[in-house]
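Okay, structure first, notes after.
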Amino acid sequence: MQQGTLMRKVKSKSWKKQRFFKLQEDCMTIWYQSKRTGKTESAFSISDVETVREGHQSEVLQSVAEEFPPERCFTIVFYGRRGNLDLVAGSAEEAQCWVQGLRQLIELKSFPLTFALVSRTWIRDWFQKADKNKDGRMNFKEVQRLLKMMNVDMNEDHALRLFQDADKSESGTLEGEEFVLFYKALTQREEVLSLFQEFSEDGKKLTLLELVDFLREEQLEDEGTEELAMELIDKYEPSETARARHVLSADGFLMYLCSLEGSIFNPQHRALWQDMSQPLCHYFISSSHNTYLIEDQIRGHSSIEGYIRALKRGCRCLEVDCWDGPNGEPMVYHGHTFTSKIPFREVVSTLGKTSWGNSSSPLPSMGTSPPSSHPQRELVVLASSSAGSQGTRPMETLGSSRCFSIPNPPQELKHKILLKGKKIGRLEDTLDGPGDEAPDVSDDDNGAEAEEERRRAKVRGTQHSSALQKDKETLAQALSDCVIYCKNVPFRGFREARSHSRPSEISSLSEAKARKLIRDEGNEFVRHNAWQLTRIYPSGMRTDSSNYSPQEMWNVGCQIVALNFQTAGMEMDLCDGFFSQNGCCGYVLKPPFMRDEETLFNPSDPSSWEGPGPITLTIQVISGQQLPKVANSKEGAIIDPLVRVEIYGVPADQAHQETKYIENNGFNPRWDETLQFQIHVPELALIRFVVEDYDKTSRNDFVGQFTLAFANIKPGYRHIHLLSKDGTSIPPSSLFVHIRITK
C-alpha cells in the first residue's frame, strides 16, 4: 500500500479511469493521482472511512460485473453523505492487500484512546496537523494552534509550562519523543488516576488482589473475578515486566477502562445471547421503510445502496415496491411519485450477495405486486434465480399443522427470505388445494351466539369467495405461492382478528392508526402482538423521509416498526441502540409478559404492571474526552459541552435530565454531577446519552450520542464511546461515568 498501486476508479459503466493510489507515511492518509498527468487528484483520511466492501457491493460495480470479476473489486464507504469510492485492482491479490490493510487501519482507528495507541496513530496525526511549516518540529505558537484544533481553551501559562517540561533539549521546539511527552501530559486523566490510587496501596500499581477488589466492589463482577483480573492484565498491561508480576500499571488500568470490557455496554450481550427458538411474533425485528430510497419520498433517488446500507446496519425487514417497467421488466420505485427507478433484478441480486453478511436470521421482505401478471411471473423467476434456495417454500418449512398456529422460529429459518404480500386463498390452500373453512364454534357457546356466528360466517364465506376470485384475476399463482408466513390481510379490529385471522398473516398499520389503538386498546394490542405480526409504517405526510418514535410501538409489542433508515436523528438512534444487542442479528426477544396471549400488561396503565417495583438508575457523569467540534463551526471556536441523559420506555418512564455546561473545553471537560431516574418497566427502557454544545441564544448544537437498552447496561465505572449523528463512531470521543442500579 505504501509503495503505491495502479487501480481503476469507476464512476459508471462508461467512466473508468486509471489512478495511482498510495498510503502516506503517516498511515492515516491515502492520496491518488492521475496516471496520465501525474497530478494529485484527491486525498482522504482513514478517519473518514466507515467500512470497506469486497466484490460487487455497490450500484456502480454491479453495472460492470460482467467486465471485472468480484475478487478484483472493492468499495470504500465514507461517513456522512460523501459518495463511495469504487475501485478495481489489477489482480485479486492486490485487491486483498488493500481490503485487509484498510480494514486493519480502520480497526486501529476505532479503538478507544489510550496512551499506547496514541503513540502509534493519534500523536502522529495531531503533530502533522499542528506542524504548520512542515519542518518536523513544533514551536510554542504551533502548540497554541494545536490546542485550539483539539477543542482546548487552556491558560497560556499552563500551556507554556507543559511545553517547557517536554522540551528536554531546551531548543524551543518539540520533536519526536518530546512531543510524545507533551501529548501524554496533555491527556493525563486525573479522575482515572485518583480512582486507581484509591485501590492501589503504593499508588503505582494494582496487585492481582487489589484489581480483584476493584472488579468486585465497583464493577460488580461476581463470577470468575480472579480469572477475569488475570485476563485484563495479560490483555491491557503494556509492560512485560508488570505482566510477568501479575500487576496492572496506571496506563494498563486506563487501557482497560477504555476497552470494550470497560464499556457501558455489556460485552456478553454483543454476541447472540437470546433464545432464538421462539415464534417469529415473539421478536422485535429491525425494519426499514421504502428501503430503496436514499432521499425524500417524492423526488428522491432510488438505489441498491439503500439496501446495502440497511443490511450492513442490521436491518432484517426490507421493502421492495415492484411496478411494471419497460418491456415487461419489473422496476422498483415509490409508485405514483417522481422517484427514480431501479430494475428488480439488481435488487434481488444485491439481496442474494449481501443479505447474510452480518446475520443469518430470516429476512422478511415487503412488496407490492405489479398490476399485470407477466411481470409477476418474471418476479418469481428473477427472485428464484438470484436468491437460490434462500426463499421459503411450502414443503420446505411447513411440514405440520403446528405451522398454522405458531410460525417457525428464527433459528429454523436461517438464510431464508420471507415474502410479505397478497395471497390467493389461505396458507392451507397452498398445500391442500383451495377450500373455505367454517369457523370453529366452541361447545359452551349458547344457541343465540352460535347462530349469529354461523350467519356472520356465511356472509364472510361469500365475501371470501368474491375476494378469492378477484385475487386470482390479478395475482399470479406462482407469486402467491411464495407468500407463506406473511400473508397481508386488512386489520378490522382485535376481535375480528382473534376469531378469523391466522398467525401466518400480518396486518400493516399507519403510525396514526397504531397510536389510536395504543390509546384506546393498549392491552388488546399487546395480546394481539403475542400471536400475530404487526407492521407499522410512517405517515404519508412524511414526504421528507422523517421518522416517528419507534418506542411507543415497541411498548405494545409491534414487531415490524418500519423507519426511514436514510434519515438521521433520535428515532434512528433508538433503533440502532436497541438492535445493537444480540449479535446485531436484527432480532430482539420480547420480555415474557409480552409473549403471553392472556397478559394484562398495558403500557399506559401502571396498575397492570407486574414485577418488584421501580428500579433506581443512578448515573454520575464524571468527564468527557476529546469531544468533536460542531460541524461548520467557526475557526478557533471551542464548544461548551453539556450531557443530557434521556430515558425512553413506557409513558411513566419517559424522562430526561442534564448537567451544567462547561465553558470552552471540549478536550477534557469535568462535570462530576449525579443524575437519578426511577424506571418502572426496565425491560422496555432505552437510555440515550447526548452531548450538546450549549448556546444561550439559540438551540444547542449536537455533538455526539450513544443509545442502549437498559438490559445491556454494565454497572460500575464505564466509558461511553460516542457516535455521530448518522450513527458512526467518532473515536476517541467518549464520556466517563459511574453507574449504579438499585431496587
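When only residues in the stretch 508-524 that are buried (at least 18 other Cβ atoms within 10 Å of the Cβ) and touching a strand residue (DSSP E or B) at 6+ places or on another chain (Cβ under 8 Å) count, which is farthest from Asn290 (Cα to Cα)? If we take residues in the stretch 508-524 being buried (at least 18 other Cβ atoms within 10 Å of the Cβ) and touching a strand residue (DSSP E or B) at 6+ places or on another chain (Cβ under 8 Å), then Leu517 is farthest from Asn290 (Cα to Cα).
Scanning the stretch 229-239 finds one or more residues that are assigned to a loop (DSSP other than H, G, I, E, B), without any contact (Cβ under 8 Å) to a residue 60 or more places away in the chain and surrounded by 17 or more Cβ atoms within 10 Å (Cβ to Cβ).
Selection of the stretch 488-529 for residues being among the aliphatic types (A, V, I, L, M) and farther than 26 Å from Ser608 by Cα yields Val489, Ile506. Taking Pro614 as the residue in question, decide whether it is surrounded by fewer than 20 Cβ atoms within 10 Å (Cβ to Cβ) and more than 24 Å from Leu257 (Cα to Cα). Answer is yes for this residue. Taking (1) under 25 Å from Gly583 (Cα atoms); (2) among the small types (Gly, Ala, Ser); (3) open to solvent by 10 Å² or more (accessible area, probe 1.4 Å) in turn, Gly328 satisfies each apart from (1). Against the list (1) out of contact with any His (no Cβ under 9 Å at 6 or more places or on another chain); (2) open to solvent by less than 10 Å² (accessible area, probe 1.4 Å); (3) not hydrophobic (A, V, I, L, M, F, W, C), the condition His289 fails is (2). Tell me whether the stretch 590-601 contains one or more residues that are touching a Pro at 6+ places or on another chain (Cβ under 6 Å) and either at negative phi or surrounded by fewer than 21 Cβ atoms within 10 Å (Cβ to Cβ) (or both). Looking for residues that are touching a Pro at 6+ places or on another chain (Cβ under 6 Å) and either at negative phi or surrounded by fewer than 21 Cβ atoms within 10 Å (Cβ to Cβ) (or both), one finds none in the stretch 590-601, hence no.
Of Arg216, Arg161, Arg137, Arg189, which residue is closer than 30 Å to Glu663 by Cβ, open to solvent by 70 Å² or more (accessible area, probe 1.4 Å) and at pLDDT 75 or above? Step through it out loud before you land on a result.
Numbers: Arg216 fails: closer than 30 Å to Glu663 by Cβ; Arg137 fails: closer than 30 Å to Glu663 by Cβ; Arg189 fails: open to solvent by 70 Å² or more (accessible area, probe 1.4 Å).
After ruling out the rest, the residue left standing is Arg161.
Conditions (1) touching a strand residue (DSSP E or B) at 6+ places or on another chain (Cβ under 8 Å); (2) modelled with pLDDT of 95 or more; (3) not in a loop (DSSP other than H, G, I, E, B), marked per residue:
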residue	(1), (2), (3)
Gln268	no, no, yes
Leu272	no, no, no
Ser277	no, no, no
Phe284	yes, yes, yes
Ser287	yes, yes, yes
Glu305	no, no, yes
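Entry remark, the stretch 639-664: residues being more than 18 Å from Ala709 (Cα to Cα) and open to solvent by 40 Å² or more (accessible area, probe 1.4 Å) number 5 in total.
The values are calculated or read from the model by the stated rules, or taken from the named source; none is laboratory data. A quick note: this is a predicted structure, and the numbers were derived from the prediction, not measured. In this analysis, Cβ positions are derived from the backbone assuming ideal geometry, glycine residues included, and neighbour counts consider all displayed protein chains. All accessible areas refer to the heavy atoms of the entire protein, side chains included, with ligands and DNA or RNA removed. Shrake-Rupley method; radii C 1.70, N 1.55, O 1.52, S 1.80 Å.
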